[in-house]
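The values are calculated or read from the model by the stated rules, or taken from the named source; none is laboratory data. As the structure is a computational prediction, the values presented were derived from the model and not from experiment. Quick reminder, even Gly has a Cβ in these numbers, built from the backbone with ideal geometry, and neighbours come from all protein chains shown.
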Amino acid sequence: MPKKILIIDDSALMRRMLCDIINADSRFTAATTARDGLDALEILKTKSFDIVITDINMPRMNGLDFLRDLNKQKREERVIVLSTDTAEGAKVTMDALELGAVDFIQKPQGAFILNNKEFQREFFKILEAVAFSGSPTATAAKSKVAVPAKIQTVKTESVFESREGKGRKIIAIASSTGGPKALQAVIPKLPSNIDAPILIVQHMPKGFTKTLAERLDAMSQVKVTEAEEGETLEKGHVYIARAGLHMKCEEYMGKSMIVYTDEPNREGVKPCANYMYESLINSSYYSVVCVVLTGMGHDGTEGIKNLAAKKKTFIIAEDAKDCVVNGMPGSIVATGMVNQISDLDHIAEDILKNVGVR
């Protein structure tokens with residue numbers, strides 16, 4: 001059975017174009033359309049859908065108010081929002097993700113999307129990940145990788161418990177689809193005196209990582225910023241990779257610094273977590289806590305494998321049952337290298353156990 005999709009947009013042309021794109025793929029059907037949030041809520045009184053795709057700015061009821069109403073009703077439909085690439089669009093998109101939207105797709109400005117192949121590729125990539133990943137509460141049963149519901153310690157000794165493990169430590173986090181909300185469950189729980197810097201690669205379009213950093217910074221004890229070229233890594237500081245570039249850690253005059261490169265996409269993304277992990281191989285950090293959160297694809301796995309062959313690592317994967325998409329965590333779990341599979345609510349605690357405070 002094809003996945004049923006409800007499209008909400010106040011533009012009749014946009015509704016028609018999205019329907020044509022979706023219906024061209026036999027796995028999906030644009031079952032119904034709505035002009036705004038109120039229209040959609042009326043439809044949802046008698047129908048159910050696998051996915052809802054909604055615009056944000058609409059008359060009568062906008063996308064954010066629609067999401068708030070869905071939360072009250074405890075609906076099971078997964079929501080993808082259509083976003084703009086403006087600063088205000090990024091802020092509103094973050095609001096939508098906080099309200100439960102699982103991902104977003106940028107709507108080209110003034111573009112005829114039926115002829116926009118790049119938009120269609122990105123659109124179907126997100127649609128596939130959201131449609132076929134299962135719900136967060138059911139992912140564990142449907143995942144190809146068997147992941148237990150409770151936290152499981154795969155290796156009994158943390159690398160940081162050894163007598164040699166008192167050197168410099170760093171935390172490196174990879175996330176994608178569902179990542180912004182997952183990061184909000186992890187980063188605000190870390191204390192400001194945590195004994196390590198934190199690097200994050202979150203797959204997002206250009207213009208969105210700065211807004212994500214600002215949102216997390218306002219919620220957290222640790223300082224959170226979009227990483228700047230050439231800045232020195234400091235403990236208790238979270239550095240989020242800028243979208244559109246690959247972030248690496250390099251040593252210069254005895255200091256660990258942020259370096260950006262414009263190499264080709266890897267795993268289909270830029271920034272790519274594999275580059276971040278591999279850059280830590282030659283860093284002055286003795287040990288690395290690698291954390292893989294929800295996300296489509298396999299980014300992080302190859303980089304962590306290469307890193308672990310050269311340096312002490314402790315690898316934490318988000319439990320499949322909590323993931324919006326279990327691609328990235330499932331991929332690293334499948335290697336057998338993972339030290340800890342953790343509920344999302346316990347990941348900050350597990351990081352802290354392996355890093356400590358100053």
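Give segment 298-324 a look and list any residue that's at pLDDT 95 or above, closer than 22 Å to LEU352 by Cα and among the acidic types (Asp, Glu), or say none. GLU318, ASP319 - these are the residues of segment 298-324 that are at pLDDT 95 or above, closer than 22 Å to LEU352 by Cα and among the acidic types (Asp, Glu). With the requirement that a residue be surrounded by fewer than 20 Cβ atoms within 10 Å (Cβ to Cβ) and not in a helix (DSSP H, G or I), what does segment 32-49 give you? Answer for segment 32-49, where residues must be surrounded by fewer than 20 Cβ atoms within 10 Å (Cβ to Cβ) and not in a helix (DSSP H, G or I): THR32, ARG35, LYS45, THR46, LYS47, SER48. Just give me the residues in segment 5-31 being of a type in the set (Lys, Arg) and either surrounded by 17 or more Cβ atoms within 10 Å (Cβ to Cβ) or in a helix (DSSP H, G or I) (or both), in sequence order. Within segment 5-31, ARG15, ARG16 meet the criteria.
Consider THR54 carefully, then state whether it is in contact with a strand residue (DSSP E or B) (Cβ under 8 Å, 6 or more places away or on another chain), within 22 Å of PHE132 (Cα to Cα) and of a type in the set (S, T, N, Q). Yes: the conditions hold for THR54.
Please find, within segment 257-274, the residue that is surrounded by the fewest Cβ atoms within 10 Å (Cβ to Cβ) out of those that are in contact (Cβ under 8 Å) with a residue 40 or more places away in the chain and either touching a Leu at 6+ places or on another chain (Cβ under 9 Å) or part of a helix (DSSP H, G or I) (or both). Among those that are in contact (Cβ under 8 Å) with a residue 40 or more places away in the chain and either touching a Leu at 6+ places or on another chain (Cβ under 9 Å) or part of a helix (DSSP H, G or I) (or both), it is PRO271. Would you check if there is a residue in segment 167-178 being surrounded by fewer than 17 Cβ atoms within 10 Å (Cβ to Cβ) and either modelled with pLDDT under 95 or closer than 28 Å to ILE21 by Cβ (or both)? Checking segment 167-178: at least one residue is surrounded by fewer than 17 Cβ atoms within 10 Å (Cβ to Cβ) and either modelled with pLDDT under 95 or closer than 28 Å to ILE21 by Cβ (or both).
If you go through segment 173-206, how many residues are within 15 Å of HIS246 (Cα to Cα) and either more than 12 Å from the chain's Cα centre (by Cα) or of a type in the set (D, E, K, R) (or both)? Looking only at that region, the number is 2. Just so you know, in segment 280-318 the residues that are of a type outside the set (A, V, I, L, M, F, W, C), in contact with a His (Cβ under 9 Å, 6 or more places away or on another chain) and crowded, with 23+ Cβ neighbours inside 10 Å include one that is farthest from GLU128 (Cα to Cα), and it is ASP299. Scoring MET253 on the criteria (1) surrounded by fewer than 22 Cβ atoms within 10 Å (Cβ to Cβ); (2) touching a residue at least 12 places away in the same chain (Cβ under 8 Å) leaves a single failure, condition (2). Listed by first and then second residue, the pairs linking a residue in segment 195-221 that is in the same structural domain as GLN184 (by TED's automatic domain parsing) to a residue that is part of a helix (DSSP H, G or I) and of a type in the set (Val, Ile, Thr), with Cβ atoms under 6 Å apart and 6 or more places separating them unless they lie on different chains, are ASP195/VAL355; ALA196/VAL355; LEU216/ILE187; SER220/ILE187.
Kindly indicate the residue of segment 64-108 that is among the polar types (S, T, N, Q) and assigned to a loop (DSSP other than H, G, I, E, B) and also modelled with the highest pLDDT among those meeting that condition. It would help to see each step written out before you state the result.
From segment 64-108, those among the polar types (S, T, N, Q) are 71, 73, 83-84, 86, 93, 106; that's our starting set.
Pick out the ones that are also assigned to a loop (DSSP other than H, G, I, E, B) and you get 84, 86.
Working: THR84: 79, THR86: 72.
So, considering only residues that are among the polar types (S, T, N, Q) and assigned to a loop (DSSP other than H, G, I, E, B), the one modelled with the highest pLDDT is THR84.
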